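Here the structure is laid out as structure tokens; the discussion comes afterwards.
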Amino acid sequence: MEIDLSRVTLRPFELMDAHDFLIWAGDDRVTGNLRWPVLTSEEEALAFIRDVCLPHPWRRSICIDDRSIGFISIFPETGDDRFKAHIGYGLSHEYWGKGITTRAVSIAVSQVFNDLPHVLRLQAFVRTQNKASQRLVEKIGFQREGLLRKYTYLKGTIYDVFVYSLLSSDLLPLPQSYSSQIVL
Amino acid sequence: MEIDSCTIIKSEKPQTSVSSSPPEKVHLRPMTISDVDDFMVWATDTDVTRYCTWEPYTSREAGIAFINDVVLPHPWLRAICLENDRPIGSISVTPVDKIRGEIGYVIGSKYWGKGIATEAVRLVAAEIFKEKPEMERLEALVDVDNVGSQKVLEKVGFKREGVMRKFMCLKGNVRDMVMFSLLPSDSSH
């Protein structure tokens, strides 16, 4: 089923999303490689939205026709490191493979440096086996900086990861002299 | 991290090893309050603190406070000593999480260029995985401009994994940093 990507929007989470939230956040295929708790009821989903998603510095619901089908988070570090932010995302399994997450991340990247002006570096740590996520961040324009060996410990397993970054300076507009070369 | 510059020795014989054996033997031991005056020698030196996140120390009281508040409770920090057992620097491994530790070291500038940092890092690399069997990765972050320290880690067998852009804030400036790692399975010793 093809999806018209203009139907993909981002917005903050609402308590009313609890039912839709549980559909994807309760699915291990979606949250298995995240540090999220297991969610098994609408009550737990509601509490998680209220206690974690709403206070989050930058977390958005990925929506189709305003219904939540996933999330994108941008999480700045604290103190002296608050110029660095980690990007994470997840999408309902039913909607995989249609370019929706790529579209959503692209929207997020276009907003986040304005919303969080102190953030200079977005970073993603992608497991070496996760080819789909590697293709996604590369398509957006993240730069692969290296392979970090045995870097991530998640749910009992240690993973090698590729580290990617996108800097606010990577998105600066071209200087005026190049504008005639832009192909529309 | 300090700059430990390599001295290239020109000779007619082919060199079998680039790393120099220090003229004096290096050993590591815990640091104590009585080391404060030796600590102040390197901690007040602006050459030494150039790539450190901290500013040079200006008072002995601050040095004593640092030893009490940071050094003594630290999970793994050692004085780097030469044969007279007086510290000329320090080296530490700080846990990042359950499986990762980060190595850092600092040496008085009078002792640079003698292979002392290389030897100190080599001693840590040889022992730390036995002392901390849960550690799967020992990593180091070095400023892109701190070439001397990059060479120390490469000589000991750390793997250079890449340059992380705008990764660390050093005295108000955001710097690119080179990431290095050593795993227990790497043969370095």
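Just so you know, all these numbers are worked out from the coordinates, no wet-lab data involved. It should be emphasised that the depicted structure is a prediction, and the values quoted were computed from it without experimental measurement. Positions of Cβ are generated from backbone atoms using ideal geometry, with glycine treated the same way; all protein chains shown enter the neighbour counts.
Among A:21, B:180, A:83, a tally of other beta-carbon atoms within 10 Å of each Cβ gives an order, fewest to most, of A:83, B:180, A:21. A straight Cα-to-Cα reach below 26 Å connects residue B:110 with the lysines B:10, B:25, B:151, B:155, B:171, residues fewer than 8 places away in its own chain not being considered.
Short to long, the 5 Å bins of the Cα pair-distance histogram for segment B:26-139 hold 2, 11, 22, 24, 21, 13, 6, 1 percent of all pairs. Listing B:105, A:153 from fewest to most neighbouring C-beta atoms within 10 Å gives A:153, B:105. The alpha-carbon atoms of the protein assembly as shown define a convex hull whose volume equals 198 cubic angstrom per residue. Between amide H atoms placed 1.01 Å from N, distances below 5 Å from residue B:162 occur with B:179, all of them 5 or more places distant or on a separate chain. With θ taken as phi - 60° and the Karplus curve 6.51 cos²θ - 1.76 cosθ + 1.60 applied, the whole-hertz 3J(HN,Hα) list for segment B:53-58 is 6, 9, 7, x, 6, 10 Hz, x standing for glycine and proline. Across segment B:35-40, computed HN-Hα scalar couplings (Karplus, 6.51 cos²θ - 1.76 cosθ + 1.60, θ = phi - 60°) run 8, 4, 5, 5, 4, 5 Hz from first to last residue, x flagging Gly and Pro.
From its DSSP helices (H runs of at least four residues, each -39,500 (n - 2.57)), the protein assembly as shown gives a residue-normalised ellipticity at 222 nm of -7000 deg cm²/dmol.
Assigning unit charges at the beta carbon (Lys, Arg +1; Asp, Glu -1) and nothing else, what dipole magnitude in debye, to the nearest 20, does segment A:5-172 show about its Cα centre?
So the magnitude is around 700 debye.
Select from B:142, B:44, A:9 the residue farthest towards the positive end of the dipole of the protein assembly as shown; place +1 on Cβ of Lys and Arg, -1 on Cβ of Asp and Glu, and compute about the Cα centre. Selected residue: B:142.
Between residue B:55 and residue A:81, the simple spin-label model (points 7 angstrom out along Cα→Cβ) gives 2.4 nm. Computed from point charges on the beta carbon alone (+1 for Lys and Arg, -1 for Asp and Glu), the dipole magnitude for segment B:26-139 about its Cα centre is near 260 Debye. Only lysine pairs 8 or more places apart, or on different chains, with alpha-carbon atoms under 26 angstrom apart are counted in segment A:21-174, and they number 10.
Simple rule: put +1 on each Lys or Arg Cβ and -1 on each Asp or Glu Cβ in the protein assembly as shown, find the dipole, and look at A:52, B:185, B:173; the Cα lying farthest toward the positive end is B:185. The dipole here belongs to the protein assembly as shown: it is taken about the Cα centre, uses +1 on the Cβ of Lys and Arg and -1 on the Cβ of Asp and Glu, and is about 980 debye. Here the Karplus curve 6.51 cos²θ - 1.76 cosθ + 1.60, taken at θ = phi - 60°, turns the phi angles of segment A:57-66 into couplings of x, 7, 10, 10, 7, 7, 10, 10, 6, 6 Hz, with x standing for Gly and Pro. Summarising the amide proton neighbourhood of residue B:31: residues at separation of 5 or more, or on other chains, whose placed amide H is nearer than 5 Å comprise B:79.
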